[in-house]
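Only one structure is covered here, and it is reproduced in the block below.
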Amino acid sequence: MLRETQPLLPRSGGTRDSRRWAPMLAALLLAAWLLTAQLYSGHLPLPHWPWPGHGRPTPKRNMIFFVTDGMGPASLSLARSFRQHTEQLPLNDTLWLDRHLVGSSRTRSSDSLVTDSAAGATAFACARKSYNGAIGVVPLGRSGRYAEAGARPCGTLLEAAKLQGYATGLVVTTRITDATPGAFSAHADLRVQEDLIAAQQLGATPLGRTVDLMLGGGSTHFRPHGRRDGRDLLGEAAAQGWQVVDDMQGFAALQGGANVSLPLLALLAENDIPFDIDRNPAQYPSLEEEAMTAVRALEAATRDSDQGFFLLIEGSRIDHAGHQNDPAAQVREVLAFDRAFRAVMEWAAAADVETVMVSTSDHETGGLTAARQVTPEYPEYVWYPEVLAQASHSGEYVQRKIVGFEGSHADKRRFIERDIMHRTLNITDYTANEIDMLARETDGNKVQDILNRMVSVRAQVGWTTHGHSAVDVNIYGYANTKRAWYDLLDHLQGNHENTEIGAYMEQYLQLDLDEVTERIANVTHAPGKGASVESVDAELHDQYGHKLY
């Protein structure tokens, strides 16, 4: 046995012994080079991560795909500095996501350099570019626009995974029929067709039911009063054997995933779950609670299966905070997502099944900048996270309080000064003109804009739009085996089109999207005569008070 101080090879020199060792050293170096080349070319299996609980790699695998809707690089910077300030952390403290940055993604749709969420999600789900407003469909015309020649359905990763024997799930904080979950589980020419999307999510396609678990909001499109056809999809789902949950008490009864029977339909809000800054934990679960309930339920359901599961988890309302230019709400949404990502990753690190996690955004929203020029003079190099920390509610929440106030104009002014400025937003340097504008305005969206501008200007946070931007977004990744980790890096390290992310997941799960596309060719997807992206935009505004998100 060699002692620690004994050299493995003779020291360099011109002795006869050293000349005798030279050919052996050359042979060892050559063998090491050949072995390395074989490992990286895939001819030999890579060793497993040396972590407790991990056995040898098997064909069984899980894919967990995270979407941070509307989150650009500036959102991470803002949330990181906000967290450092509020928790008194050192300057080198980072978000959990920061530690798993892999690359970046280009986000354009087939008909615009600036995508919407529907086209962005379809690029992931189908690995195909599509037009703004498309839900699991691609354009027939060469221009890449829907208006030219209509659309045809494209098979999605979730559908293909289900047909391959994987369990499948969707976790969101918006309506479960919204653009991102819809694009993975349904086919509609225009995203406003949420009644159709709901029906397809329950199995109204040539493939039958392809979703095993749904957690989020949006019960309105499953209830008679929210649907144009008056159908009670919640009742129909229960009759078909779904475990149906529609409130926090029912969610708590799921016991974090231990008391779930698939298929599960848990719709915990009529529309969207409130922003995390406004969320009452007794009424609504966090994204982390939703996500962990889903992974534990799917893990249990696939324990004795040859296949694992495919799960989509979306930090949905980061996007809404961007649309509303609400920095106080957005930093909380990013941090809520970061907590969910970390919790799922810690679960994956201990899992016996090979598990890959990929996280990215469909686009950036708001044109957010962590700086703002507030005077004509050359600006100071500052922004103030303490302003965001002082706000205890979102502009969306506060505007309802102001618009719903009943009383005289003078009473309303006093209410805004006392309850809104001092007690809710903690703004003490407000002007008489700002209070007067808030007291006189009756349009809730305009009141919300005034409030969010007041916060943004004082924090010196900038916005360029209430819509989306074309900025590249980050890709994050994790795998609990070396084999899967090197495969992920081979496909996603560096800068990529959003469709390449979908293509990687198709390859990793060994799916065939073209085959699924053939099987769903006859699914009902068109909205009828006279529909257009513009009419969809107008209808969304009438229904939900916002434009195409």
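The values are calculated or read from the model by the stated rules, or taken from the named source; none is laboratory data. Source: prediction; values computed, not measured. Cβ: placed from backbone, ideal geometry, glycine included. Neighbour counts: every protein chain shown. Calculation scope for accessible area: heavy atoms of the full protein, side chains included, ligands and nucleic acids excluded. Shrake-Rupley method; radii C 1.70, N 1.55, O 1.52, S 1.80 Å.
Would you say residue 456 is within 30 Å of residue 402 (Cβ to Cβ), open to solvent by 20 Å² or more (accessible area, probe 1.4 Å) and small (Gly, Ala, Ser)? It would help to see each step written out before you state the result.
Numbers: within 30 Å of residue 402 (Cβ to Cβ): yes; open to solvent by 20 Å² or more (accessible area, probe 1.4 Å): no; small (Gly, Ala, Ser): yes.
No, not satisfied.
Looking only at segment 372-384, count how many residues are open to solvent by less than 50 Å² (accessible area, probe 1.4 Å) and either touching a strand residue (DSSP E or B) at 6+ places or on another chain (Cβ under 9 Å) or within 24 Å of residue 438 (Cα to Cα) (or both). First the steps, then the outcome.
Looking only at segment 372-384, we keep the residues that are open to solvent by less than 50 Å² (accessible area, probe 1.4 Å), and these are 379, 382-383.
With either touching a strand residue (DSSP E or B) at 6+ places or on another chain (Cβ under 9 Å) or within 24 Å of residue 438 (Cα to Cα) (or both) added as a condition, the list becomes 383.
Number satisfying all stated conditions: 1.
Has segment 80-96 got at least one residue that is assigned to a helix (DSSP H, G or I), open to solvent by less than 20 Å² (accessible area, probe 1.4 Å) and more than 16 Å from residue 276 (Cβ to Cβ)?
Initially, segment 80-96 is screened for residues assigned to a helix (DSSP H, G or I), giving 80-86.
Retained after the next criterion (residues that are open to solvent by less than 20 Å² (accessible area, probe 1.4 Å)): 82.
Narrowing further to those that are more than 16 Å from residue 276 (Cβ to Cβ): none.
No: zero hits.
How many residues does segment 126-147 hold that are outside any loop (DSSP other than H, G, I, E, B), at pLDDT below 95 and of a type in the set (A, V, I, L, M, F, W, C)?
Restricting attention to segment 126-147, the residues satisfying the condition of being outside any loop (DSSP other than H, G, I, E, B) are 126, 135, 137-139, 146-147.
Then drop every residue that is not at pLDDT below 95, which leaves 146-147.
Within this subset, residues satisfying the condition of being of a type in the set (A, V, I, L, M, F, W, C) are 147.
Qualifying residue count, segment 126-147: 1.
Take the residues in segment 97-119 that are assigned to a strand (DSSP E or B) and not basic (Lys, Arg), then tell me which one is nearest to residue 337 (Cα to Cα).
First, the residues of segment 97-119 that are assigned to a strand (DSSP E or B): 101-106.
Going one step further and asking which of them are not basic (Lys, Arg), we end up with 101-105.
Values: 101: 15, 102: 18, 103: 19, 104: 18, 105: 19 Å.
Looking at residues that are assigned to a strand (DSSP E or B) and not basic (Lys, Arg), I get 101.
Is it the case that segment 178-185 has a residue that's touching a residue at least 12 places away in the same chain (Cβ under 8 Å), under 25 Å from residue 334 (Cα atoms) and in a loop (DSSP other than H, G, I, E, B)?
yes
Suppose the filter is part of a strand (DSSP E or B), open to solvent by 10 Å² or more (accessible area, probe 1.4 Å) and either among the hydroxyl-bearing types (Ser, Thr, Tyr) or closer than 20 Å to residue 299 by Cβ (or both); does residue 220 pass it? Steps first, please.
On the way: part of a strand (DSSP E or B): no; open to solvent by 10 Å² or more (accessible area, probe 1.4 Å): yes; either among the hydroxyl-bearing types (Ser, Thr, Tyr) or closer than 20 Å to residue 299 by Cβ (or both): yes.
So residue 220 does not fit the description; no.
Keeping to segment 104-151, report how many residues are at positive phi and surrounded by fewer than 24 Cβ atoms within 10 Å (Cβ to Cβ).
Of the residues in that region, 2 qualify.
Please pick out the residue among 366, 308 that is in contact with a His (Cβ under 8 Å, 6 or more places away or on another chain) and small (Gly, Ala, Ser). Steps first, answer last, please.
Working: 308 fails: in contact with a His (Cβ under 8 Å, 6 or more places away or on another chain).
Going through 366, 308 in turn, the sole match is 366.
Which of (1) assigned to a helix (DSSP H, G or I); (2) open to solvent by less than 60 Å² (accessible area, probe 1.4 Å) does residue 525 not meet, given it meets every other one?
(1)
Quick check on segment 230-241: of everything there that is out of contact with any helix residue (DSSP H, G or I) (no Cβ under 7 Å at 6 or more places or on another chain) and part of a loop (DSSP other than H, G, I, E, B), which residue is farthest from residue 196 (Cα to Cα)? Give the derivation first.
Start the filter on segment 230-241 by keeping residues that are out of contact with any helix residue (DSSP H, G or I) (no Cβ under 7 Å at 6 or more places or on another chain), which leaves 235-241.
Restricting the remaining residues to those that are part of a loop (DSSP other than H, G, I, E, B) gives 240-241.
Numbers: 240: 18, 241: 20 Å.
So the residue we want is 241.
Only one residue in 428, 424 is open to solvent by less than 40 Å² (accessible area, probe 1.4 Å), at pLDDT 95 or above, within 22 Å of residue 389 (Cβ to Cβ) and of a type in the set (Ser, Thr, Tyr). Which one? Steps first, please.
Details: 428 fails: open to solvent by less than 40 Å² (accessible area, probe 1.4 Å).
None of the other options fit; the residue is 424.
Could you run through segment 507-518 and say how many residues are under 14 Å from residue 161 (Cβ atoms) and open to solvent by 30 Å² or more (accessible area, probe 1.4 Å)? Spell out the reasoning first.
Step one: filter segment 507-518 for residues under 14 Å from residue 161 (Cβ atoms), giving 507-513, 515-516.
Keeping just the survivors that are open to solvent by 30 Å² or more (accessible area, probe 1.4 Å) gives 507, 510, 512, 515.
Qualifying residue count, segment 507-518: 4.
Among the numbered criteria (1) touching a Leu at 6+ places or on another chain (Cβ under 8 Å); (2) more than 28 Å from residue 76 (Cα to Cα); (3) open to solvent by 60 Å² or more (accessible area, probe 1.4 Å), which single criterion is violated by residue 390?
(2)
Conditions (1) in contact with a helix residue (DSSP H, G or I) (Cβ under 8 Å, 6 or more places away or on another chain); (2) hydrophobic (A, V, I, L, M, F, W, C); (3) assigned to a helix (DSSP H, G or I); (4) modelled with pLDDT of 95 or more, marked per residue:
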| residue | (1), (2), (3), (4) |
| --- | --- |
| 457 | no, yes, yes, yes |
| 464 | no, no, no, yes |
| 484 | yes, yes, yes, yes |
| 487 | yes, no, yes, yes |
| 504 | yes, no, yes, yes |
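What number of residues within segment 388-398 are farther than 12 Å from residue 419 by Cα, part of a helix (DSSP H, G or I) and of a type outside the set (Phe, Trp, Tyr)?
5
Conditions (1) crowded, with 21+ Cβ neighbours inside 10 Å; (2) in contact (Cβ under 8 Å) with a residue 24 or more places away in the chain; (3) among the basic types (Lys, Arg), marked per residue:
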position	(1), (2), (3)
405	no, no, no
410	no, no, no
435	no, no, no
452	yes, yes, no
483	no, yes, yes
494	no, yes, no
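Out of all the residues in segment 356-371, is one or more open to solvent by 20 Å² or more (accessible area, probe 1.4 Å), in contact (Cβ under 8 Å) with a residue 24 or more places away in the chain and under 15 Å from the mean Cα position of the chain (by Cα)?
Within segment 356-371 (the criterion being open to solvent by 20 Å² or more (accessible area, probe 1.4 Å), in contact (Cβ under 8 Å) with a residue 24 or more places away in the chain and under 15 Å from the mean Cα position of the chain (by Cα)), the answer is no, since none of the residues qualifies.
Given the criterion in contact with a Lys or Arg (Cβ under 6 Å, 6 or more places away or on another chain) and at pLDDT 95 or above, identify the matching residue among 382, 331, 295, 353.
Numbers: 382 fails: in contact with a Lys or Arg (Cβ under 6 Å, 6 or more places away or on another chain); 331 fails: in contact with a Lys or Arg (Cβ under 6 Å, 6 or more places away or on another chain); 295 fails: in contact with a Lys or Arg (Cβ under 6 Å, 6 or more places away or on another chain).
Going through 382, 331, 295, 353 in turn, the sole match is 353.
How about segment 134-150: which of its residues are in contact with a Leu (Cβ under 6 Å, 6 or more places away or on another chain) and under 18 Å from residue 183 (Cβ atoms)? Break it down stepwise before answering.
At the first step, the residues of segment 134-150 found to be in contact with a Leu (Cβ under 6 Å, 6 or more places away or on another chain) are 149-150.
Answer for segment 134-150, where residues must be in contact with a Leu (Cβ under 6 Å, 6 or more places away or on another chain) and under 18 Å from residue 183 (Cβ atoms): just 150.
Taking only segment 244-280 into account, find how many residues are within 27 Å of residue 300 (Cβ to Cβ) and open to solvent by less than 40 Å² (accessible area, probe 1.4 Å).
The total comes to 16.
Where the second residue is of a type in the set (S, T, N, Q) and open to solvent by less than 20 Å² (accessible area, probe 1.4 Å) and the first is under 19 Å from residue 281 (Cβ atoms) and assigned to a loop (DSSP other than H, G, I, E, B) and lies in segment 242-269, which pairs have Cβ atoms under 6 Å and are six or more apart or on separate chains?
Qualifying pairs under 6 Å: 246/219; 254/293.
Of the numbered conditions (1) assigned to a loop (DSSP other than H, G, I, E, B); (2) open to solvent by 60 Å² or more (accessible area, probe 1.4 Å); (3) among the hydrophobic types (A, V, I, L, M, F, W, C), residue 211 fails exactly one; give the number of that condition.
Going through (1) assigned to a loop (DSSP other than H, G, I, E, B); (2) open to solvent by 60 Å² or more (accessible area, probe 1.4 Å); (3) among the hydrophobic types (A, V, I, L, M, F, W, C) one by one, residue 211 breaks only (2).
May I ask you to list the residues in segment 293-307 that are in contact with a strand residue (DSSP E or B) (Cβ under 6 Å, 6 or more places away or on another chain) and in a loop (DSSP other than H, G, I, E, B)?
Selection gives 302 alone.
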